[in-house]
Amino acid sequence: VILAVAIDTPLRRLFDYLPPLHADPRSLRPGQRLWVPFGRRRVIGVLMQLRERSELSPDKLRRALAPVDEEPALDATLLEILDWAAEYYHHPIGDVVAAALPTALRTGAPLEAPRRVWRLTEEGRAAESGLPARAARMRAALQYLKEHAEAAGPELLASGATGAVLKNLQQRGFIEQHELARESIPSVAVRPGPSLNPAQAAAVEAVRDGLGTFRSLLLYGVTGSGKTEVYLHAIATVLARGAQALVLVPEIALTPQLIARFGDRFDAPPAVLHSGLSDGERLAAWRRARSGEARIVIGTRSAVFVPLAQPGLIVVDEEHDASFKQQEGFRYSARDLAIVRAQRHGIPIVLGSATPSLETLARAQRQPETLLSLPHRAADAQPPRLTLVDLRSHAGAQGIATPVLMTMQRHLEAGNQVLLFLNRRGYAPVLFCPKCGWSAHCPRCDAHLTVHGRSQALVCHHCGAQQQAQQQCPSCEAAVKPVGQGTERIEETVRQLFPDAPLARIDRDSMRRKGELEETLARVDRKEVSILIGTQMLTKGHHFPNVTLVVVLNADQGLFSTDFRASERLAQTIVQVAGRAGRAERSGEVLIQTEYPEHALLKLLLDGGYESFASGALRERQQTSWPPFARIALVRAEAPKPIVAMRFLQAAVDAGHGLPRKGVKLLGPAPAPMERRAGRYRAQLLLHADTHGPLQKFLRSWLPRVEALPDAKRARWSIDVDPVELF
Ligand code: ADP
Ligand code: ZN
Ligand code: ZN
């Protein structure tokens, strides 16, 4: 028997080993962790297959050292999904499998939580007198056990005890070891929520009807329509049937509020997985999901790979969110993999959004029975009114038009909150010389430096380079000035114009400290803030019931981009930020500042909402043959020397000649729109096909040839299947 093992390396293959000397090969199962020799190291791999023979001759094969556990860490369905993902995204299987295992398990932590704990004996409880006077450590260990009732060995060691101390206490009969029974799966008490409106009830019914079979459902509901309530009700049914629910959310939407909402409804602490966890916390949550102790698992992107003992339902909230796509390394879409996963498990998946991606919307339109709509806000709240403000015909103060200032005044006087949205942090996007036209550029990127801290620092938003800001033009010595607005400058202007209104700015610069975002949001909830200024951070997850006016300060950034997805993202952002306003009994008002009030996209959005925009945008995608009416993949390359990336991609195009390609077009290579970034010259090659079959087939035969090109080692390159950002 040959063991085919996935090892975390950049090579696109499995590695063959002979079974360990003292293990019965028949007891080994795919998904099990194995210690194997790799080069001069000893590493943990995952057994993927048991094979009859190897392509290597037997004398070249090395022996695996030992299984790490007795059971597989990853179940068969999960392995299938990982295999599928490695093939579909053309990414090395070892790296894909590593994405599914917490770091601690890749370095040898035990698969299951320890089941043996220390406890005090009767004598131990009364031990104070029987201890030598100087036995501080023993006293501390006894004290710890008095406070915690029981503790695992590593926990006691971490609290300051040593192995000798524990042994000594045991010999004196003060403490004893105890074997824990496996925790039985708790039945979950569910507290009732509000009674559902008819649209919510119908949606919950549709999910319930399909439990136990694969179905992909789109829950399309305006912000505040009660989508989360639908998830909670559907999950209650899933739990009652003894199954688990997996809920995927965008990173920034995984707030304590959301977790608290689940906690209020279900008497079962969810396992929570996100990028801010320590290795230990991540492992603990992963184990609880795998053992079935956690009935609900809430997590961001990578939680799509967490093992589940009894999968029953998957929910992807805000499914349109770009953060579900990993943008580096293993470039997977967690939303798309969640659908594959639901299919393999034979369970339903609910994709929820107020602004579904055009891919998801098109699929739901082809299968109308999978579309669940919540057309109205729950609890009778009114939808916000959207109005355009023409920036060309209105004077203003530093990027805020006069009619907007007047409307702000009105809302503030009524005691309400105002939200200003601008997707550009910093003080100003350009430092400019009015005399000779000079402007400050990043020395390593083809980009302007952003002015930060009034006029003190210049920061590159692409490579992070920082320098002091010039006060004088380096070429003509005239005084330079910041041009345009970022959130910092808007804050400054608003403070001058509304000196009495308490204000909070929410962006990546102002919210660096851990917990700062939560604190600020809590201040907003307590109405200690009247004006909120912020970036994208404000458009997700959090609701502001007392905000009655939302101002989109600049809608024009997304109108003329060359990325075919830019207009979709702009529409989603506008609708999402608008949806933060006027919950509950107060209706909201939304002002959108633009220099292009005639733009077709803005008109569609204002006249008919996201739905009109989406049908317009889908028509355009069909005419121009972009996804979802075509499939694309992008090869990106970069190198420190100017022509290398282009030369490599040209050679890649040439390597495709003669391969069967059935309608697969190679467009490019072309220099990236921002060619130089962080000192590297970048280029890209777009692959385009009508359907995904021929594209995948072409990639399979083409990529090995590309990998073998001499320049493949000089350029850093990657393949991105279904890219969400083209540049
Ligand atoms: P979404 O997830 O679509 O943004 P939520 O589920 O958060 O919407 O609901 C918005 C608000 O309306 C919440 O405060 C929620 O408690 C309330 N709500 C939802 N459904 C109902 C209902 N059927 N009756 C009363 N209030 C509801
Ligand atoms: Zn100058
Ligand atoms: Zn730069």
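Remarks
- Residue ID - farthest from LYS325 (Cα to Cα), chosen from residues in the stretch 692-727 that are assigned to a loop (DSSP other than H, G, I, E, B) and within 23 Å of the chain's Cα centre (by Cα): PHE727
- Condition broken by LEU79, with the remaining ones in (1) part of a loop (DSSP other than H, G, I, E, B); (2) open to solvent by less than 80 Å² (accessible area, probe 1.4 Å); (3) more than 18 Å from PRO37 (Cα to Cα) satisfied: (1)
- Note on the stretch 248-298: residues that are open to solvent by 10 Å² or more (accessible area, probe 1.4 Å), more than 29 Å from ALA152 (Cβ to Cβ), in contact with a Ser or Thr (Cβ under 7 Å, 6 or more places away or on another chain) and not in a helix (DSSP H, G or I) total 0.
- Residue within the stretch 141-162 that is more than 16 Å from ligand 2 (Cβ to nearest atom), at pLDDT 85 or above and within 30 Å of HIS543 (Cα to Cα) present: no
- With respect to the conditions (1) open to solvent by less than 40 Å² (accessible area, probe 1.4 Å); (2) at negative phi; (3) in contact (Cβ under 8 Å) with a residue 24 or more places away in the chain; (4) not hydroxyl-bearing (Ser, Thr, Tyr), PRO671 lacks only one, and its number is (1).
Yes or no, residue by residue, for (1) more than 30 Å from the chain's Cα centre (by Cα); (2) among the β-branched types (Val, Ile, Thr); (3) more than 16 Å from TYR88 (Cβ to Cβ):
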site: GLN623; (1), (2), (3): yes, no, yes
site: ILE632; (1), (2), (3): no, yes, no
site: MET646; (1), (2), (3): yes, no, yes
site: LEU659; (1), (2), (3): yes, no, yes
site: ASP690; (1), (2), (3): no, no, yes
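- Residue in the stretch 462-504 that is surrounded by the fewest Cβ atoms within 10 Å (Cβ to Cβ), counting only those that are within 16 Å of ligand 3 (Cβ to nearest atom) and of a type outside the set (A, V, I, L, M): GLN468
- Across the stretch 421-450, the qualifying residues are those that are outside any loop (DSSP other than H, G, I, E, B) and touching a residue at least 60 places away in the same chain (Cβ under 8 Å), and the one among them that is nearest to ligand 2 (Cβ to nearest atom) is ALA428.
- Residue-level check: of (1) within 16 Å of ligand 2 (Cβ to nearest atom); (2) within 29 Å of the chain's Cα centre (by Cα); (3) among the β-branched types (Val, Ile, Thr), VAL459 misses just (1).
- GLN576 being polar (S, T, N, Q) and either in contact with a Cys (Cβ under 8 Å, 6 or more places away or on another chain) or more than 25 Å from ALA689 (Cα to Cα) (or both): yes
- Candidate set from the stretch 304-321 (those that are over 16 Å from GLY352 (Cβ atoms) and either open to solvent by less than 40 Å² (accessible area, probe 1.4 Å) or free of Cβ contacts under 8 Å to residues at least 24 places away in the same chain (or both)); member that is nearest to the chain's Cα centre (by Cα): PHE305
- Flag if THR520 is touching a Gly at 6+ places or on another chain (Cβ under 6 Å) and outside any loop (DSSP other than H, G, I, E, B): no
- Some residue of the stretch 59-74 being closer than 13 Å to ALA6 by Cβ, assigned to a helix (DSSP H, G or I) and touching a Lys or Arg at 6+ places or on another chain (Cβ under 9 Å): no
- Answer residue from the stretch 451-461, given it is part of a strand (DSSP E or B) and within 11 Å of ligand 3 (Cβ to nearest atom) and is nearest to ARG677 (Cα to Cα) among those: VAL459
Conditions (1) at pLDDT below 95; (2) of a type in the set (D, E, K, R); (3) at positive phi, marked per residue:
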| position | (1), (2), (3) |
| --- | --- |
| ALA4 | no, no, no |
| THR9 | yes, no, no |
| ARG12 | yes, yes, no |
| PRO20 | yes, no, no |
| ASP24 | yes, yes, no |
| GLN32 | no, no, no |
| VAL36 | no, no, no |
| ARG40 | yes, yes, no |
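- Scan of the stretch 116-156 for residues that are in contact (Cβ under 8 Å) with a residue 40 or more places away in the chain and either in contact with a Pro (Cβ under 8 Å, 6 or more places away or on another chain) or open to solvent by 60 Å² or more (accessible area, probe 1.4 Å) (or both), ordered by number: ARG116, ARG119, GLU123, PRO154
- Scanning the stretch 636-658 for residues that are part of a loop (DSSP other than H, G, I, E, B) and open to solvent by 20 Å² or more (accessible area, probe 1.4 Å) yields a total of 6.
- Only residues that are within 32 Å of the chain's Cα centre (by Cα), more than 18 Å from THR103 (Cβ to Cβ) and surrounded by fewer than 17 Cβ atoms within 10 Å (Cβ to Cβ) were counted across the stretch 32-53, and they come to 1.
- Hits in the stretch 64-76 (condition: closer than 19 Å to THR103 by Cα, among the hydrophobic types (A, V, I, L, M, F, W, C) and open to solvent by 20 Å² or more (accessible area, probe 1.4 Å)): VAL68
Residues are listed down the side, and each one gets a yes or a no for (1) modelled with pLDDT of 90 or more; (2) farther than 30 Å from TYR596 by Cα:
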{"position": "LEU497", "(1), (2)": "yes, no"}
{"position": "MET511", "(1), (2)": "no, yes"}
{"position": "GLU528", "(1), (2)": "yes, yes"}
{"position": "LEU532", "(1), (2)": "yes, no"}
{"position": "GLN536", "(1), (2)": "no, no"}
{"position": "VAL547", "(1), (2)": "yes, no"}
{"position": "VAL552", "(1), (2)": "yes, no"}
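- Checked against the criteria, ALA469 counts as away from ligand 1 (no atom under 16 Å from the Cβ) and over 17 Å from LEU422 (Cβ atoms).
- Positions within the stretch 474-521 being of a type in the set (D, E, K, R) and within 16 Å of ligand 2 (Cβ to nearest atom), in sequence order: GLU477, LYS481
The values are calculated or read from the model by the stated rules, or taken from the named source; none is laboratory data. Computed from a predicted structure; not experimentally measured. Because the Cβ atoms are built from the backbone with ideal geometry, glycine has one as well, and the counts that use them run over all protein chains shown. Quick note on the areas: whole protein, heavy atoms, side chains included, nothing else; ligands and nucleic acids left out. Shrake-Rupley method; radii C 1.70, N 1.55, O 1.52, S 1.80 Å.
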